[in-house]
1. Given an 8 Å cut-off on Cα distances and at least 6 residues of separation, report the relative contact order of the stretch 209-256 as a percent.
2. Using θ = phi - 60° and the Karplus curve 6.51 cos²θ - 1.76 cosθ + 1.60, what whole-Hz ³J(HN,Hα) does each residue of the stretch 205-220 get, with Gly and Pro shown as x?
3. How large is ³J(HN,Hα), in whole Hz, for each residue of the stretch 78-85 in order, when computed from phi with the Karplus curve 6.51 cos²θ - 1.76 cosθ + 1.60 and θ = phi - 60°, using x for Gly and Pro?
4. Using amide H atoms built 1.01 Å from N in the peptide plane, name the residues 5+ places from residue 257, or on other chains, whose amide H lies under 5 Å from its own.
5. Explain nothing, just the number: dipole magnitude of the stretch 10-249 about its Cα centre with +1 on each Lys and Arg Cβ and -1 on each Asp and Glu Cβ, in debye rounded to the nearest 20.
6. Stretch residue 63-residue 212 to full length: gain in nm at 0.36 nm per residue minus the Cα-Cα span?
7. What FRET efficiency comes out for residue 114 versus residue 237 if R0 is 25 angstrom and r is the Cβ-Cβ distance? Round to the nearest 0.05.
8. 5 Å is the cut-off here: which amide hydrogens, built 1.01 Å from N in the peptide plane, fall below it relative to residue 193, excluding neighbours closer than 5 in sequence?
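Just so you know, all these numbers are worked out from the coordinates, no wet-lab data involved. Remember, predicted model here, so these are calculated numbers, not experimental data. We place every Cβ from the backbone using ideal geometry, glycine too, and count neighbours over all the protein chains shown.
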Amino acid sequence: MKKLVVGLLAGLLVASPLAVAAAAPGAQAKKAAVLIGIGEYQGQTKSLPGSAGDAAILRQALLGNGWEDANIKMLVNEDATAANIRQATQWLVDQSADDSFSVFAYSGHVKQKEGDEDGDGEGNDEFLWPHDNDFISDGELATSLRALQGDAWISIAGCESAGFDDNVSSPRRLFTGASQEVEKGYERPDWQMSVYNGLMVDEGFLQGQGDVDGNGAVSIQEAFDHAARIAPEMTATQRFGPQHPYIAGGDGPQWFLAPPAPPASDDADDGGSLGGDLLGGDLLGGDLLGGPLG
């Protein structure tokens, strides 16, 4: 079981003596991303109002930071079958190199089961829940993601998100998730996004609310901290308890989707809210016919 790891790490990372020696994704890194958002499922699996929106808002953030659309593979709803997710993940691995920056992001249902079905030695297994209800275990996903070369940001928006960090996080792999391994993740139907991505990507990145140091650029850690501060209070009254976003890995200085420009020299010329207070209470995982796993 993963230990509780929550936000407010950005300042610590800046202050760390390791920050001088460690690397972070550079401006010239080769960039590729796989963004998965599954709101509609085959059969009787409950639909989700925000997962497709999560994929779309993250794509917007990447494009706004100079990523090329051709290097962003989108798997949304019926395109996000288990076979397509496996193929896209392998594509991401094949694109990676020592000087690359990869992003793998998933938003959708998560299945958690007791036992060690995938043989990874854990008492519980978590599974991505593809559109065709053909589960992908945390052990299988972790094996694929550990093959990524270079720097990588892995983001999971679902229930029990931290459970997918099966030795995935490392100095060069930054792992963030919507919730701890024993927690549910929630959606905001009025936002058409999850709580986690609405706070982190929309507010944190796109609206700039994560820019706590005022340098005009938002790091992944700053955006995460914004979500980690607000999400527990926003979800405090939910029936299954609040969610506490999870972060691990990504050592050294703060990571940026696009590194900020250097400050201007001294003699250089000077040159919306998501809204809504009511949670819909929809869960990002754990139910096949509408009943969340306990």
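1. Details: 43 pairs, mean separation 17.1, N = 48.
Rounded, it is 36 percent for the stretch 209-256.
2. 7, 6, 8, x, 6, x, 7, 6, 8, x, 8, x, 9, 10, 7, 4
3. After applying 6.51 cos²θ - 1.76 cosθ + 1.60, I find 5, 6, 8, 6, 4, 4, 5, 5 Hz.
4. The list, which skips near neighbours in sequence, is 220.
5. Values: 15 positive and 36 negative charges, 96 e Å.
About 460 debye.
6. On the way: separation 149, 0.36 × 149 = 53.64 nm, distance 2.23 nm.
Gain on stretching residue 63 to residue 212: 51.4 nm.
7. Details: r = 28 Å, r/R0 = 1.12.
With R0 = 25 Å, the Cβ-Cβ based efficiency is 0.35.
8. Placed amide hydrogens put 188 under 5 Å from residue 193.
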